[in-house]
Structures are given as structure tokens and as C-alpha cells.
Amino acid sequence: MAQSAAYQKGEVAPYDLGRTYEPVAKPLDAARENEAQRVYPMYNQLYLGDVVSTLQMWPDGLFDACMTDPPYNIARDRKGLSWAFSSHVTIDSDWDRFSNTDYEAFTTAWLQEICRITKKNGNIFIFGSYHNIYTIGAIAARLDLRVVNSIVWAKPNAQPNITCRMFTESTEQILWLCNNTNKDAKHWTFNYHHMKELNGGKQMRNFWEIPVTPMRERVHGKHPSQKPLRLMERLVLAGTNPNDVVVDCFAGSGSTLLACDRLDRRWVGVERDEGYCEIAHRRLDDERKQRRLFPAML
Ligand SMILES: C[S@@+](CC[C@H](N)C(=O)[O-])C[C@H]1O[C@@H](n2cnc3c(N)ncnc32)[C@H](O)[C@@H]1O
């Protein structure tokens with residue numbers, strides 16, 4: 001897409017310094033169910049709504065890429081444990097609690113919708129931990145999607161293990177899929193040279209050592225699984241091009257959206273929790289205010 005591509009009516013371009021970013025985030029009309037009634041989402045907009053019913057409203061092949069961090073199903077059948085004085089936040093929320101069968105059905109439903117609304121051969125990056133990544137991988141295999149890579153995010157400052165009954169869990173995985181069959185997948189975006197340059201001239205490996213989300217990124221409110229911007233920015237740079245349109249259907253506190261906004265990609269988010277939408281809005285708003293104050297950052 002050309003750098004000068006026109007913005008939709010009502011859309012606030014990320015670099016339009018003359019206008020204030022005022023997110024809408026209104027629930028969409030869930031009555032639209034069939035193809036004939038599909039509507040285009042507004043770019044650079046976070047939608048408050050349920051993942052499957054929201055994605056179902058959007059037309060086929062709209063997005064260049066998907067970057068998303070679905071529920072991990074960690075809260076499943078456990079009590080959240082955390083250090084009393086730790087800044088880490090434990091996931092113990094209803095949105096993260098499924099039976100195994102329900103989790104598989106839910107994952108299949110949203111992944112199929114993501115495949116429909118993402119362009120052929122577009123990148124799909126899915127975050128997960130050992131709790132859910134194998135289930136997601138099995139579903140991707142069942143859908144005959146090409147796995148390009150799996151990236152390991154290693155956290156040098158991971159939360160200590162309270163139980164002392166196992167190794168300290170200090171990694172998460174990012175499953176990189178190409179939106180096509182194993183046989184036909186081709187020409188996915190990978191900014192190889194950019195990654196090599198970032199890695200001091202050496203080929204970048206799939207083991208990324210990046211600390212957990214710092215406190216300064218949590219000043220607008222806490223989300224239990226907020227991803228660090230350094231991680232999201234690297235992924236955006238690796239797997240998308242400027243002006244690409246990226247969807248995050250589990251936007252949480254908006255880390256994907258913010259990374260896209262900074263790096264001149266367009267974004268669309270879906271999140272069903274109003275409180276998390278507000279955190280994301282505050283983060284995006286703050287970022288854009290700073291851009292206005294310090295235009296040299298452009
Ligand atoms: C793992 S978190 C994403 C965190 C995000 N990457 C960040 O950096 O803040 C998953 C998010 O999905 C949302 N969610 C869970 N079920 C959902 C559903 N059915 N529809 C839309 N959002 C949902 C949760 O509210 C939660 O914020």
C-alpha cells in the first residue's frame with residue numbers, strides 16, 4: 001500500500017497533529033450476521049465487543065496481518081498465586097477460564113475468522129504459553145496452516161516460582177503462521193535485513209531476550225498479561241510494512257495497537273472488557289499527545 005493511502009471518513013490519521021485522537025469504541029450492532037451485511041471497520045480504532053461476533057461483521061481479506069494474544073486458559077482450574085509484594089500481576093480472571101473442549105472450540109472459531117479476514121499469505125502471530133500454545137498449534141495443523149516459525153520470548157526478570165516444585169517459567173511462545181495451506185504458503189512478509197541490522201549485523205534468531213513489561217508502561221492501568229512494547233515493536237518491524245493494516249482481536253491494554261501506531265502501521269483492535277479498552281485508549285492518547293509535543297519524534 002502506498003504511504004499516501006487515503007484515510008477513511010472519520011478516521012484520525014496517526015500523524016494528523018491538528019486533530020485530537022478520540023477513540024469511539026462503541027459496541028457494534030451484533031444483528032449483522034450474514035455476508036451481505038458485512039461492514040468495514042474503521043482503521044486506528046479499538047472496538048468493544050466479543051471477538052467472534054465482531055470479526056464476523058468484517059469482510060474477507062481486509063487485513064495484512066494479525067498479531068494477537070488470546071486467553072491462555074491458565075485460570076482454568078487453579079488458584080492464582082502471586083508474591084504479596086510483587087509488581088507482577090497474576091491471571092485469575094473469568095475471561096481466561098475454559099474447559100479444554102470449550103477452549104478448543106473457541107480457539108477454532110476465532111482463528112477461522114482471523115484467516116477469513118486476513119489476506120492470503122498474510123502473517124498471523126499468536127502469543128501463548130505452555131498452557132495453550134500446543135492446543136493452538138494442533139488447531140493450526142488441523143486447519144492446514146503453514147507454521148513459519150515459533151519465536152521464544154525469554155524473560156530475564158521473570159517472576160520467581162512460589163511453589164518450588166518446578167522450574168521457574170520464564171518463556172512465552174509466539175506462533176508465526178502464514179495464512180495459507182502448508183503446500184501453497186508463499187511470499188509472507190519478513191523484513192530479514194531490518195532484523196539483521198537490529199541484531200548488529202548477525203542473522204536474528206528466534207530466541208528473544210526481553211524483560212517483562214516495565215512499570216512505566218503500566219501508568220495508565222494494569223492488565224495481567226500486558227506485553228512489553230519492545231517485544232511488540234520488534235514483531236511489528238519483522239512481520240509488517242509501513243501502512244499495513246494489522247488486527248489484534250484480543251487487544252487487552254492495547255500493546256499491539258500502540259506499537260503499530262508508533263511504527264506507522266494502521267491497526268484495528270477488539271477487546272470485550274470496557275476497563276481494558278479504557279487503559280488502551282489512555283495509552284494511545286498519551287502517545288499521540290507526546291507526538292504533538294515533540295514532533296521531532298516523527
Ligand atoms: C492475554 S490478554 C491480551 C493482552 C494484550 N496483549 C496486552 O498487551 O494488553 C487477552 C485479552 O482478551 C480479552 N478477551 C477474552 N475473551 C475475549 C472475547 N471473547 N472477545 C474479546 N476479547 C476477549 C480479555 O479481556 C483480555 O484483555
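Each reported figure results from applying straightforward, stated rules to the coordinates on display, with no laboratory input. Because the structure is a prediction, the values reported are computed rather than measured. We place every Cβ from the backbone using ideal geometry, glycine too, and count neighbours over all the protein chains shown.
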Original post:
How much net charge surrounds CYS249 when only other residues with a Cβ under 14 Å from its Cβ are counted (Lys, Arg +1; Asp, Glu -1)?
Top reply: -4
Original post:
Could you list log10 I(q)/I(0) for segment 35-297 at q = 0.07, 0.11 Å⁻¹, which the Debye formula gives when each Cα is one point scatterer?
Top reply: -0.23, -0.60
**OP:** Would you please put 100-108, 255-263, 45-53 in order of how densely packed they are, using the mean number of other Cβ atoms within 10 angstrom per residue and starting with the highest?
**Re:** 255-263, 45-53, 100-108
Original post:
Taking every pair of alpha-carbon atoms in segment 116-232, what share in percent sits in each 10 Å bin, from 0 to the bin with the longest distance?
Top reply: 12, 34, 35, 17, 2
Original post:
Hey, fewest Cβ within 10 Å first, where do HIS220, HIS193, HIS281 land in order?
Top reply: HIS193, HIS220, HIS281
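What percent does the relative contact order of segment 35-297 come to when contacts are Cα pairs within less than 8 Å and at least six residues apart?
Over segment 35-297, the number comes to 24 percent.
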Original post:
ARG146's amide H: which non-local residues (gap 5+, or another chain) put their own amide H closer than 5 Å, with H modeled 1.01 Å from N in plane and none for Pro or chain starts?
Top reply: CYS178, ASN180, ASN182
**OP:** Report the percentage of all Cα-Cα pairs in segment 96-167 whose separation exceeds 20 Å, rounded to a whole percent.
**Re:** 42 percent
Subject >> Label-point separation in nm, ASP102 to MET166, each point 7 Å along Cα→Cβ >> reply: 2.2 nm
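List, in the order given, every pair from LYS155/LYS186; LYS155/LYS202; LYS120/LYS196 whose Cα-Cα distance in the structure shown is over 23 Å.
On the way: LYS155/LYS186 32 Å; LYS155/LYS202 21 Å; LYS120/LYS196 26 Å.
Violating the 23 Å limit, Cα to Cα: LYS155/LYS186; LYS120/LYS196.
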Original post:
If segment 143-298 were replaced by its equivalent ellipsoid, with semi-axes equal to the square roots of 5 times the Cα gyration tensor eigenvalues, what would those be, largest first, whole Å?
Top reply: 25, 23, 17
